[in-house]
1. Tell me which residues, restricted to region 463-487, are at pLDDT 95 or above and assigned to a helix (DSSP H, G or I).
2. Kindly provide the set of residues from region 117-140 that are within 29 Å of residue 161 (Cβ to Cβ) and without any contact (Cβ under 8 Å) to a residue 12 or more places away in the chain, ordered by number.
3. Looking at (1) crowded, with 22+ Cβ neighbours inside 10 Å; (2) farther than 30 Å from residue 3 by Cα; (3) out of contact with any strand residue (DSSP E or B) (no Cβ under 6 Å at 6 or more places or on another chain), which one does residue 65 not meet, given that it meets all the others?
4. What is the one condition in (1) in a strand (DSSP E or B); (2) within 30 Å of residue 232 (Cα to Cα); (3) more than 22 Å from the chain's Cα centre (by Cα) that residue 96 does not satisfy?
5. For region 297-359, list the helices (runs of 4 or more DSSP H) that sit wholly inside it and hold at least 1 residues that are under 25 Å from residue 186 (Cβ atoms) and touching a residue at least 40 places away in the same chain (Cβ under 8 Å); which are they?
6. Residues being out of contact with any helix residue (DSSP H, G or I) (no Cβ under 6 Å at 6 or more places or on another chain) and free of Cβ contacts under 8 Å to residues at least 40 places away in the same chain: count how many of those fall in region 174-228.
7. Among (1) part of a helix (DSSP H, G or I); (2) under 23 Å from the mean Cα position of the chain (by Cα); (3) under 30 Å from residue 498 (Cβ atoms), which single condition is residue 165 missing?
């Protein structure tokens, strides 16, 4: 038996950051990872002469040295920023919707964004200025809350951050309508809803406004060598600080203490036992409480049964034997929708036969040299808002996968005018089954638990004490308090790591 102050289960984004924070706090830490490389979704893979990015479209809230976002500040504190070569994404996004005959390309920068919106929707300027004023105040309130570890003073919140308090219980659509934003402007602004996995009648305005504000004011970045460059830098930093990472090492059971039901150890697949009183799990609570923990509190069962799985992932990777210019691929980041009615679109995305929505990236538009000369790479992603892939029979799996991929290609060609089908050199497709197998996520979910009124970003941050159910067990990653997404996963690891340092110090 070996003994550590803390064990981190899973070397994904949240787990790697949590390990660094624990080490910086003086803890003796080991990370156990069942794969042979770090990163989880944050990785890359090769097919032929192409190295594909597995999941990252762009890193929000990173910024530059002169205009640093919160993620860059965090990476500076972790000691990894300079280990990574960064690229800046050229424009915010292009959104195309068939029902509204909408086609808009939006830039970074608040003033440029508002000016462009006014050109698309004359008369929208005032409401857009109101939106960014609200978003700025919300961002400031979140910064204040972080500075006091969530122990906010209600008088300060009301007096200095009134807009945060006023909008806290309202959805995206409710607030945008209240400030008089024209429908077409709302449609363009709401393009990013699918990246948060909830439609705009359910999605918290605070959550969405904060994300858009960070995205537009700080821009977006991408590691030159794909997201795996971040994972390798974080893993290297763990070792620099004296931590250990055991790859090809699966944790299969978490032992609890008979006296208080808290953590007392972790059992590995080979039978080795690690003694510890603290675990940060970079995996789904459904997996931890459903398969790993030997004693499951009733409170945890109720919490998990109440929560709803968010989007199941489907991604297609294309290596094309012509350049983006030759193929007519104009932008880095596309959103292709059937309708900008997000509630209606959400329902359409529940079924394989009806879902043709896609968020599509051509990395060559940010980094022309990312693939061999005269070629380009594309990543197509969609979410399924139900477990419809669970209804696919084994004998129909490959034909269903091919059908879904073909629909994506045809949709992109028709909506953008680019011709890519005849130039495909390499193709790889990941379905919910792929994600379930690769990362152990139930139903192939890649977005954690869905952001709902009662279970969105703000409620989760406010309920962290209540969600700390088993002594010594905390969670990091897309299922935890910051919800899904790269930036959120890093911040969740930061929070859980620092909280666990506090737990250890309290125990002496």
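The values are calculated or read from the model by the stated rules, or taken from the named source; none is laboratory data. The shown structure was predicted, so the numbers you read here are calculated from the model rather than taken from an experiment. Cβ atoms come from the backbone with ideal geometry, glycine included; neighbour counts cover every protein chain shown.
1. 486, 487
2. Within region 117-140, 118, 125 meet the criteria.
3. (1) is the only condition that residue 65 fails.
4. The one condition residue 96 does not meet is (2).
5. Filter on region 297-359 gives 342-348.
6. Within region 174-228, residues that are out of contact with any helix residue (DSSP H, G or I) (no Cβ under 6 Å at 6 or more places or on another chain) and free of Cβ contacts under 8 Å to residues at least 40 places away in the same chain number 4.
7. (2)
Residue by residue, here is whether (1) modelled with pLDDT under 95; (2) under 20 Å from the mean Cα position of the chain (by Cα); (3) buried (at least 19 other Cβ atoms within 10 Å of the Cβ) holds:
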| position | (1), (2), (3) |
| --- | --- |
| 152 | yes, no, no |
| 176 | no, no, yes |
| 236 | no, no, no |
| 247 | no, no, no |
| 256 | no, no, yes |
| 259 | yes, no, no |
